[in-house]
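The structure appears below as structure tokens.
What follows draws every value from the coordinates through simple rules; no lab data is involved. Keep in mind it's a predicted model, so treat the numbers as computed, not measured. Positions of Cβ are backbone-derived with ideal geometry, glycine not excepted, and every protein chain shown enters the neighbour counts.
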Amino acid sequence: MISFKEGMNQIIHYGSIEKMPLYNCSAHSSEEWSRLYGERHPYLGHFDIVFGTVVNILYIPIISVMFQKEFYKMSCFKMMICLGINDMLALCVNSITTGVLAVQGAVFCTYPNFNYIVGAIVLGLWCCSCIIVMGLVANRLLEMGKSSRAQALFQGNRTYVLMIIPVMYGLYFMIFTNPVGFNSKYYTWIFDPMIFENRSEEYRNIPHSINNVLIVAITCILYVWLYFMIKNQMSMISWKNRKADLSFQILIQSAIICSINLVASLIFVLMNFVQLPIWIIIIAQKMWQFIHAFPVFIYLVLNKTIRNAILKKFKLRRITSSVASINLKSDFKI
């Protein structure tokens, strides 16, 4: 059920963020809030700025290749493009913006309007990406199982219609639930803006906790299912060496993705209810950043099709169309 007592809809109700009782920062000036409750992190901050910028730059040629006709006609590529755009936007906040605010030692009340709006947006992006990833794994499972449901759901332009679901899901969290705000003391985005003492329970975001436990858990189960399906299909192919290599690669990729998603998600859920050591919170923040950056390294290191297409596009390597076709079938049929 949608709650209209929380989220960005309250800006319309109260007229401004400063007039919202739970986010009123009038007790101190912006500079005083930072000086009293913030903590500067110049090294970590600059690292995050560089990290987010480099990953987003690497993402640009990857997405441009995905828009090529031979790739874009496949439903999984349409979903991967949506995920890539989502990742780039999320990295602008959880890495680049985080770095800038960390260098300044900012807290929520340093920039209350900015924190509230950007915090709502990045929360929506995270929940949107959870649904896209779950849909992408489901797409691979249905396609590999040669299910008639795969064509019914993903054939032609139907993938675009399906992509409305994660967008609407993300918008719900963005508009109708409490946002996160950056706090330099904990070096992460948290729900409690630390304005009032002993009122953290009023900022809890239960829908976000349900998303992190339920959606991420379902996605991990689907990854395990995907691994065993690939292993079974590869057992019917004669090239034994490739079977072993591919099964191991899929196992490692699935284990890394699942473990990072699950651990980071659970830590952010626990932060709603108990006070955790700062070092654990910082680890969760880094995991959150890596969740959105990890696809770049998968595409460039482990995905031969996309890697060759990028090299060809930028004339770094000449490959024939037949080789590209073979790679495309092997990478995405498998």
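Show the residues, 5+ positions off or on another chain, whose built amide H is closer than 5 Å to the amide H of THR188.
Amide H neighbours of THR188: ASN183.
Amide H neighbours of VAL180 under 5 Å, counting only residues 5+ apart in sequence or on other chains, H built in-plane at 1.01 Å?
Residues meeting the criterion, in which the H sits 1.01 Å from N, are ALA120, LEU123.
In which sequence would CYS128, CYS76 go, from the one with the fewest C-beta neighbours within 10 Å to the one with the most?
Numbers: CYS128 26, CYS76 17.
With the sparsest Cβ surroundings first, the list reads CYS76, CYS128.
Alpha carbon centre of the range 160-227 versus the range 28-57: separation in Å?
Cα centroid of the range 160-227 versus Cα centroid of the range 28-57: 22 Å apart.
Once phi is turned into θ = phi - 60°, what whole-Hz ³J(HN,Hα) does the Karplus curve with 6.51, -1.76 and 1.60 give for every residue of the range 57-66, x standing for Gly and Pro?
Here the 3J(HN,Hα) series is 5, 5, 5, 4, x, 5, 5, 4, 5, 4 Hz.
I need the fraction of alpha carbon pairs in the range 9-302 separated by more than 25 Å, rounded to a whole percent.
On the way: 22120 of 43071 pairs.
Percentage above 25 Å: 51.
Could you work out the equivalent-ellipsoid semi-axes for the range 58-102, taking the square root of 5 times each eigenvalue of the Cα gyration tensor, largest first, in whole Å?
Working: eigenvalues 148, 18, 4 Å².
Gyration-tensor ellipsoid for the range 58-102: 27, 10, 4 Å.
Mind listing the long-range amide H neighbours of GLU18? Cut-off is under 5 Å, sequence gap 5 or more, other chains count too, H placed in the peptide plane at 1.01 Å from N.
none
Based on the inverse mean of 1/r over its pairs of different Cα atoms, what is the Kirkwood hydrodynamic radius of the range 42-142, in Å?
Numbers: mean 1/r = 0.0667 Å⁻¹.
Its Kirkwood hydrodynamic radius stands at 15.0 Å.
I need the phi-derived Karplus couplings for the range 113-129: 6.51 cos²θ - 1.76 cosθ + 1.60, θ = phi - 60°, integer Hz, Gly and Pro marked x.
In residue order, the calculated couplings are 5, 4, 4, 5, 5, 5, x, 5, 5, 5, 5, x, 5, 4, 5, 4, 5 Hz.
With contacts defined as alpha carbon pairs under 8 Å and 6 or more residues apart, what's the relative contact order of the range 9-302 in percent? Walk me through the numbers on the way to the answer.
Numbers: 360 pairs, mean separation 62.2, N = 294.
Across the range 9-302, relative contact order equals 21 percent.
Give me the compactness ratio for the range 1-79, meaning the Cα radius of gyration over 2.2 N^0.38 Å.
Numbers: Rg = 21.6 Å, N = 79, 2.2 N^0.38 = 11.6 Å.
With N residues counted in the range 1-79, Rg over 2.2 N^0.38 Å equals 1.86.
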